[in-house]
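The values are calculated or read from the model by the stated rules, or taken from the named source; none is laboratory data. Please read all numbers here as calculations on a predicted model, not as lab measurements. Heads up, the Cβs are rebuilt from the backbone with ideal geometry, glycines too, and the neighbour counts pull from every protein chain shown. Side chains are part of the model used for accessible areas, which takes the heavy atoms of the whole protein and leaves out ligands, DNA and RNA. Shrake-Rupley method; radii C 1.70, N 1.55, O 1.52, S 1.80 Å.
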There are 2 protein chains.
Amino acid sequence: MAGPGRGVTIADVAARAGVAASTVSYVLSGKRSISPETADRVMQAVADLGYHPHAGARSLASRRAGVIAMMLPLRDGMHLPVLMQFASGAVTEARRHDQDVLLMTADEGPAGLARVAASAIVDGLILMDVEVRDPRVETLRRLGLPSVLIGFPADAEGLTCVDLDFTAAGRACAEYLRERGCGDIALLGASEAVYARRTGFAERVREGFLGRSGPATVQPCPDDPVSVQRTVKELLAANPDLNGLAVHNEPAVGHVMHALADAGKRVGEDFHVVVIGPDEVAERVHPQLPSVLVPAETLAETAVRHLMRKLDGLDVPDSTLVEPQLTIR
Amino acid sequence: MAGPGRGVTIADVAARAGVAASTVSYVLSGKRSISPETADRVMQAVADLGYHPHAGARSLASRRAGVIAMMLPLRDGMHLPVLMQFASGAVTEARRHDQDVLLMTADEGPAGLARVAASAIVDGLILMDVEVRDPRVETLRRLGLPSVLIGFPADAEGLTCVDLDFTAAGRACAEYLRERGCGDIALLGASEAVYARRTGFAERVREGFLGRSGPATVQPCPDDPVSVQRTVKELLAANPDLNGLAVHNEPAVGHVMHALADAGKRVGEDFHVVVIGPDEVAERVHPQLPSVLVPAETLAETAVRHLMRKLDGLDVPDSTLVEPQLTIR
DNA sequence: TTCCTCAATCGAAGCGCTTCGACGAAGGTT
DNA sequence: AACCTTCGTCGAAGCGCTTCGATTGAGGAA
C-alpha cells in the first residue's frame, strides 16, 4: 500500500545528506547561499528518497500555498471548447511556475472567494468571464487577494484585467471584407441575450466592425439551425447588395454556410465570409474560412503570468489587450 | 488591504467564545460531544469573526487536505463540452462534501500523480478518459492513493471504475430503430482513430448495436463536413434498404442530417435517426432528434461520491456502469 | 598577530490546527 | 457513603516545514 516516497520528510533527506533540515530547505528554496558540494549531496538525497515537500506544512510555514484558483463560468452561452482551452493553458502555465490550479465554478460566487481567501488554500485568483456588473468584483477588492480578471468589469479601477482586443477583432473582420471588395457587409453575432449581458464583449466587436465607413449591419442571432436559416434569409432580403459577412457565433457557422448556399451565394467568389471564434474549432470544422481567432491559450497564459508577477510583488499593467489574429487559408 | 476574516485563527474564535481551542475544533468536527450551549457560543464566534480554518494547518495536523485532484485529458478527439460538464459536475459534488478540486492535465502523466501523492496536496484522485492501456494505472496502484477512474483499463483489478454503459447505449439505439420498423440499420461512429485507441468505448457501443438480430452495419466516420457527406453517400449506396441510422459522433450530426436530406430521405417518416452524445449539445442543436445521452454530470457525481466513500474508509463497487437514457422528443 | 567580515551551516521557534490523555463534575450503583 | 461511569472540557504534544538568529571557521585588513 505505502509505496516509496510516501512519508519522506525533510528530516529524512537531511539525515541522508548529513546536514540540518534547515540546510535542505535552503538548498531547495535558494534563499541562502549553500556550498556546491552540500547542495549536490542534498539534491542527491532528494532524488534517492523521492522527496516532495508536504504542501500543507509548507503553506503553513511559508504562508504560500503554491496553488492558484481559477473560477470558470459554467453557464449557458459560453462556448465550452474555449473554456477547456483556457483551462488547459492556465494549468500548463501554472505548472511552469510550480503552482497547481484549484478549480472553482462561478456559482460559488463571492462567498466562494471569501472562503478560499480566508482558508489560505490559494495564493491568488483568476476570474474568467467577468461581466460588466460582476458581484464578485467588490468582494475581490475587499479581500485584497492577488487576482487577474479575464474581461472587464464596469469599474476596473485597481484591478488587473486581461482580454482579447475585441474591438480590433471586429475591425479586422471589416477590413478583411472591404479588402475583398465587399461593399455592403454585415456582422452576424450571438443571441440577443449575450449582447444584453456582456456589453464588454459582443459590444466591442460590434464597435470595431462598425468603425469603418461604408454600409454595415449588425444582426444578433441564436445558434440553432432554424433560427440561423431565418436570420440569414431575412438579412439577405433586407440588404440585397450584401456581399460580405462576419460571423461571431461559432456554433452557427455551419448553418450559416448552408443558408448562404441555399440562397445561391458562392462563398469565396461573389460573397465573402469571415469567422470570429476559438482556435481549433474553426480550423477543424471550416478549414476553408478565414477566421479571427480567440487565442484562449494565450489569454490564459498571460493571465497566469501576470498573477505570478503579482505574487512575486512585481507590478503588472492594469489592463492588457491580447491582439487577435486574422488567419487566411 | 487586509479585509475581515484575514488572519482569524482558531485561537481567536476560542477566546471570543471563552473556551479552549481544542473545544472549537471539536465543535467544528463533531468528533467529541460538546454541550449545546458551548457549541452555540462557538458557532456564533465563528460567524462573528468569519473564521475559516487554515487549509494548510488542517492538512498538516489531520493528514487530510480536503482537496481531490481531477486529471482531465486534454487532447484531440475528446468532445470538449462533455469535459466541461464533467468538470462542473465534479466540482459541484465535491463542494457538497466540503472538498475542493485540483485540476491536472493528462500530460503531467504518472510523474504528476507521484507528485501530488507525495506532497499530500490531495487526498484522492479522479482520472478521466482512462485508456485500455494507460501508463498512469500502474503508478496509481503503486501509490496506493484512493482513486476512481472514468473508463476501464485492460487490467481493472483492484481499481474503482465508473463509466457509461456503452453496450446498453448501443443496444438502446438498435432497439429504438427496430421499434420504428427499420429493417436495415447502421451505426455511424467516430473516426477510425477513436476506434483504434479506445476499445473500451466505441467498441462497446458497436457491440451493443450489433447484438440484435437483423442487418446492421457499423461505419466509422470523421467529423468534417466533406467526409461526412461522402461517408453517408457511400453508406446509402452500399445499403439501398437502409432506413435507420444511429450517429455516435456528435459534431457530425448536423452534416449527417444535411447529407440525408440531400439524398432525399425524410427523417422521421421513412427514415429514422438516433444520436448518442452529450446532454445539452444534442438538445440544443437538434431538438427534433431522439438521443441517447452521455450523462456527464451523473458520471462525475458518481465518481466523486465513490471517491468520498473510499476516503471515509467505506467500500464501493469495483465497477459501476451508469445507465444511458434514451430521450424521445 | 589580532580583529573583523563574510560565507556556510545549525538549532530552535513557531505557523494553525487536530488529537490524545487528563480531569472535574454530575449522576448511578452498591 | 464510597465508588465507578460518563460527559464536557482543557492543555499539551506534535504534524513537516520555513525562517531567524547564532555559531563556526576561513580569509583579509590592520
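Per-residue answers, yes or no, for (1) more than 30 Å from B:His258 (Cα to Cα); (2) among the hydrophobic types (A, V, I, L, M, F, W, C); (3) out of contact with any helix residue (DSSP H, G or I) (no Cβ under 6 Å at 6 or more places or on another chain):
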| site | (1), (2), (3) |
| --- | --- |
| A:Leu245 | no, yes, yes |
| A:Gly254 | no, no, no |
| A:Asp262 | no, no, yes |
| A:Phe271 | no, yes, yes |
| A:Val292 | no, yes, no |
| A:Ala300 | yes, yes, no |
| A:Arg305 | yes, no, yes |
| A:Asp312 | yes, no, yes |
| A:Asp315 | yes, no, yes |
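Mind listing just one residue for me: the one in segment A:83-123 that is part of a strand (DSSP E or B) and modelled with pLDDT of 95 or more and, of those, farthest from A:Ser29 (Cα to Cα)?
At the first step, the residues of segment A:83-123 found to be part of a strand (DSSP E or B) are A:100-105.
Keeping just the survivors that are modelled with pLDDT of 95 or more gives A:100-104.
On the way: A:Asp100: 18, A:Val101: 21, A:Leu102: 23, A:Leu103: 27, A:Met104: 29 Å.
Once the filter is applied, the top-ranked residue is A:Met104.
Can you name the residue in segment B:115-136 that is open to solvent by 20 Å² or more (accessible area, probe 1.4 Å) and of a type in the set (Val, Ile, Thr) and is also nearest to the other protein chains (Cβ to nearest Cβ) among such residues?
Selected residue: B:Ile121.
Tell me, please, whether a residue that is surrounded by fewer than 21 Cβ atoms within 10 Å (Cβ to Cβ), under 13 Å from the mean Cα position of the chain (by Cα) and either closer than 27 Å to B:Thr160 by Cα or not assigned by TED's automatic domain parsing to the domain that holds B:Val304 (or both) can be found in segment B:96-114.
No.
In segment A:273-285, is there at least one residue being touching a Phe, Trp or Tyr at 6+ places or on another chain (Cβ under 9 Å) and surrounded by 20 or more Cβ atoms within 10 Å (Cβ to Cβ)? Break it down stepwise before answering.
As a first pass, look at segment A:273-285 and keep what is touching a Phe, Trp or Tyr at 6+ places or on another chain (Cβ under 9 Å): A:274, A:276.
Those still in the list that are surrounded by 20 or more Cβ atoms within 10 Å (Cβ to Cβ) too: A:274, A:276.
Scanning segment A:273-285 turns up at least one residue that is touching a Phe, Trp or Tyr at 6+ places or on another chain (Cβ under 9 Å) and surrounded by 20 or more Cβ atoms within 10 Å (Cβ to Cβ).
Give the residue that is surrounded by the most Cβ atoms within 10 Å (Cβ to Cβ), with candidates limited to residues of segment A:137-158 that are more than 14 Å from chain B (Cβ to nearest Cβ) and not β-branched (Val, Ile, Thr).
Only one residue fits best here, namely A:Leu149.
Inspect all residues belonging to segment B:190-208 and state whether any of them is modelled with pLDDT of 85 or more and in contact with a Leu (Cβ under 6 Å, 6 or more places away or on another chain).
no
Kindly indicate the residue of segment A:51-69 that is within 12 Å of DNA strand C (Cβ to nearest atom) and more than 7 Å from chain B (Cβ to nearest Cβ) and also surrounded by the fewest Cβ atoms within 10 Å (Cβ to Cβ) among those meeting that condition.
Keep residues of segment A:51-69 that are within 12 Å of DNA strand C (Cβ to nearest atom), which gives A:54, A:56-64.
After this cut, where a residue has to be more than 7 Å from chain B (Cβ to nearest Cβ) as well, the list is A:58, A:61-64.
Details: A:Arg58: 22, A:Ala61: 14, A:Ser62: 13, A:Arg63: 11, A:Arg64: 13.
Of everything passing the filter in segment A:51-69, A:Arg63 is surrounded by the fewest Cβ atoms within 10 Å (Cβ to Cβ).
Within segment B:111-118, identify whether any single residue is in contact with a Ser or Thr (Cβ under 7 Å, 6 or more places away or on another chain), within 16 Å of DNA strand C (Cβ to nearest atom) and among the small types (Gly, Ala, Ser), and answer yes or no. Show your work before the answer.
Of segment B:111-118, the ones in contact with a Ser or Thr (Cβ under 7 Å, 6 or more places away or on another chain) are B:113-114.
Imposing the further condition that a residue be within 16 Å of DNA strand C (Cβ to nearest atom) reduces the set to none.
Checking segment B:111-118: not a single residue is in contact with a Ser or Thr (Cβ under 7 Å, 6 or more places away or on another chain), within 16 Å of DNA strand C (Cβ to nearest atom) and among the small types (Gly, Ala, Ser).
If I filter segment A:70-90 for residues that are surrounded by fewer than 21 Cβ atoms within 10 Å (Cβ to Cβ), within 14 Å of chain B (Cβ to nearest Cβ), farther than 27 Å from B:Gly89 by Cβ and of a type in the set (A, V, I, L, M), do I get at least one hit?
no
Which pairs turn up if I take residues in segment A:223-237 that are under 12 Å from A:Ala186 (Cα atoms) and look for partners that are assigned to a helix (DSSP H, G or I) with beta carbon separation below 7 Å, at least 6 apart in sequence or on another chain?
Going by the 7 Å Cβ cut-off, the qualifying pairs are A:Val232/A:Val256; A:Val232/A:Ala259; A:Val232/A:Leu260.
Any residue in segment A:22-40 that is among the small types (Gly, Ala, Ser) sitting within a Cβ distance under 8 Å of a residue that is more than 6 Å from DNA strand C (Cβ to nearest atom) and open to solvent by less than 60 Å² (accessible area, probe 1.4 Å)? List the pairs, counting only those 6 or more apart or interchain.
Once the first residue is among the small types (Gly, Ala, Ser) and sits in segment A:22-40, its partners that are more than 6 Å from DNA strand C (Cβ to nearest atom) and open to solvent by less than 60 Å² (accessible area, probe 1.4 Å) give A:Ser25/A:Ile10; A:Ala39/A:Val27.
Out of segment A:170-194, which residues are farther than 19 Å from A:Leu235 by Cα and not small (Gly, Ala, Ser)?
Listed by number, the residues that qualify are A:Arg171, A:Glu175, A:Tyr176, A:Glu179, A:Arg180, A:Val194.
Every residue in segment B:220-260 that is over 23 Å from B:Val82 (Cβ atoms), in contact with a strand residue (DSSP E or B) (Cβ under 8 Å, 6 or more places away or on another chain) and among the small types (Gly, Ala, Ser), please.
Those that are over 23 Å from B:Val82 (Cβ atoms), in contact with a strand residue (DSSP E or B) (Cβ under 8 Å, 6 or more places away or on another chain) and among the small types (Gly, Ala, Ser): B:Ala238, B:Gly244.
Of all the residues that make up segment A:34-50, how many are open to solvent by 20 Å² or more (accessible area, probe 1.4 Å) and within 12 Å of DNA strand D (Cβ to nearest atom)?
Kept after step one, since they are open to solvent by 20 Å² or more (accessible area, probe 1.4 Å), are these residues of segment A:34-50: A:34-41, A:43-44, A:46-50.
Among the residues that remain, those that are also within 12 Å of DNA strand D (Cβ to nearest atom) are: A:34-35, A:46, A:49-50.
Looking only at that region, the number is 5.
On the basis of being in the same structural domain as A:Ala259 (by TED's automatic domain parsing) and crowded, with 18+ Cβ neighbours inside 10 Å, does A:Thr231 make the cut?
Numbers: in the same structural domain as A:Ala259 (by TED's automatic domain parsing): yes; crowded, with 18+ Cβ neighbours inside 10 Å: yes.
Against the criterion (in the same structural domain as A:Ala259 (by TED's automatic domain parsing) and crowded, with 18+ Cβ neighbours inside 10 Å), A:Thr231 qualifies.
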